[in-house]
Amino acid sequence: DARVTQTPRHKVTEMGQEVTMRCQPILGHNTVFWYRQTMMQGLELLAYFRNRAPLDDSGMPKDRFSAEMPDATLATLKIQPSEPRDSAVYFCASGFPGTEETQYFGPGTRLLVL
Amino acid sequence: GNSVTQMEGPVTLSEEAFLTINCTYTATGYPSLFWYVQYPGEGLQLLLKATKADDKGSNKGFEATYRKETTSFHLEKGSVQVSDSAVYFCARSNYGGSQGNLIFGKGTKLSVKP
């Protein structure tokens, strides 16, 4: 049963620290999405990759956030420096070639910045 | 603009009650429409989808019909169970700019009591 995996599942850190979240998309999927979920804003798209190339990162604060795909099996989302307002659940999702609109979500990383 | 609007929750029902969660969208063209479900502590899962007008998506007893004339995709289930308690997200495909991503509604929390 292929699934998107994310690590860590939970992260507590102090303001100013670097946070790195990792995602392993389903093997063979060529699109990867990063979302942030909060009670106030709901689900927000941060960045979107196709074939490892960034297609849209307009939803991401550029001064502190960065998203990369070092290879087809790993996507990373970094926050440096982190701030309390970054506290949220961060989801990664991947899509299958030709059906990218159907997204498969990982379990999320729950981040708390103190 | 291009958006998805769904009824605000929370929705609380007794087991075996009839469920409707309203969803309307605005878009240029004819997007694909989706319902995703998020169980507590998990990522979103695709529940059902419809890709063209008058299509009916169905899964696990849930149904939704793509209504072009009313730009709606309401979710229904004839008899809910306690295990259906979750947050339900309506979404549509986005054909502008970042082709391939989805635009999500705010989510509707459903609680089913025994």
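The values are calculated or read from the model by the stated rules, or taken from the named source; none is laboratory data. As the structure is a computational prediction, the values presented were derived from the model and not from experiment. Because the Cβ atoms are built from the backbone with ideal geometry, glycine has one as well, and the counts that use them run over all protein chains shown.
List the pairs whose first member sits in the stretch B:43-61 and is more than 11 Å from every other protein chain (Cβ to nearest Cβ), whose second member is of a type in the set (Asp, Glu) and not in a strand (DSSP E or B), and whose Cβ atoms are under 9 Å apart, counting only residues at least 6 apart or on separate chains?
Partner pairs satisfying both residue conditions: B:ALA53/B:GLU69; B:LYS60/B:ASP84; B:GLY61/B:ASP84.
Of the residues that sit in the stretch B:19-42 and are small (Gly, Ala, Ser) and in contact (Cβ under 8 Å) with a residue 60 or more places away in the chain, which one is nearest to the other protein chains (Cβ to nearest Cβ)?
So in the stretch B:19-42, the residues small (Gly, Ala, Ser) come out as B:27, B:29, B:32, B:41.
Among the residues that remain, those that are also in contact (Cβ under 8 Å) with a residue 60 or more places away in the chain are: B:27, B:29, B:32.
On the way: B:ALA27: 13, B:GLY29: 14, B:SER32: 5 Å.
Only one residue tops the list, namely B:SER32.
Among the residues of the stretch A:19-35 satisfying the criterion of being of a type outside the set (Phe, Trp, Tyr), within 14 Å of another protein chain (Cβ to nearest Cβ) and under 13 Å from A:LYS78 (Cα atoms), which is surrounded by the most Cβ atoms within 10 Å (Cβ to Cβ)? Give the derivation first.
From the stretch A:19-35, those of a type outside the set (Phe, Trp, Tyr) are A:19-32; that's our starting set.
Still in the running and within 14 Å of another protein chain (Cβ to nearest Cβ): A:21, A:23-26, A:29-32.
Remaining after also requiring under 13 Å from A:LYS78 (Cα atoms): A:21, A:23.
Working: A:MET21: 22, A:CYS23: 25.
Ranking the candidates gives A:CYS23 first.
What single numbered condition from (1) touching a residue at least 40 places away in the same chain (Cβ under 8 Å); (2) among the small types (Gly, Ala, Ser); (3) part of a loop (DSSP other than H, G, I, E, B); (4) within 14 Å of chain A (Cβ to nearest Cβ) fails to hold for B:SER79?
That leaves (4) as the condition not met.
Which one of these is surrounded by fewer than 21 Cβ atoms within 10 Å (Cβ to Cβ), β-branched (Val, Ile, Thr), under 12 Å from the mean Cα position of the chain (by Cα) and within 26 Å of B:CYS90 (Cα to Cα): A:THR5, A:THR102, A:THR76, A:THR38? Steps first, please.
On the way: A:THR102 fails: under 12 Å from the mean Cα position of the chain (by Cα); A:THR76 fails: within 26 Å of B:CYS90 (Cα to Cα); A:THR38 fails: under 12 Å from the mean Cα position of the chain (by Cα).
From the options A:THR5, A:THR102, A:THR76, A:THR38, the qualifying one is A:THR5.
Name the residue that is surrounded by the most Cβ atoms within 10 Å (Cβ to Cβ), counting only residues in the stretch B:18-69 that are part of a strand (DSSP E or B) and aromatic (Phe, Trp, Tyr). Please lay out each step first, then the result.
Step one: list which residues in the stretch B:18-69 are part of a strand (DSSP E or B), which gives B:19-21, B:23-26, B:33-38, B:44-50, B:56-59, B:62-65, B:67.
Adding the requirement that they be aromatic (Phe, Trp, Tyr) leaves B:25, B:34-36, B:62.
Numbers: B:TYR25: 20, B:PHE34: 28, B:TRP35: 25, B:TYR36: 26, B:PHE62: 20.
If we take residues in the stretch B:18-69 being part of a strand (DSSP E or B) and aromatic (Phe, Trp, Tyr), then B:PHE34 is surrounded by the most Cβ atoms within 10 Å (Cβ to Cβ).
Consider A:GLY16 against the criteria (1) more than 10 Å from the chain's Cα centre (by Cα); (2) modelled with pLDDT of 95 or more; (3) within 14 Å of chain B (Cβ to nearest Cβ): it satisfies all of them except one. Which criterion is unmet?
So the condition that A:GLY16 fails would be (3).
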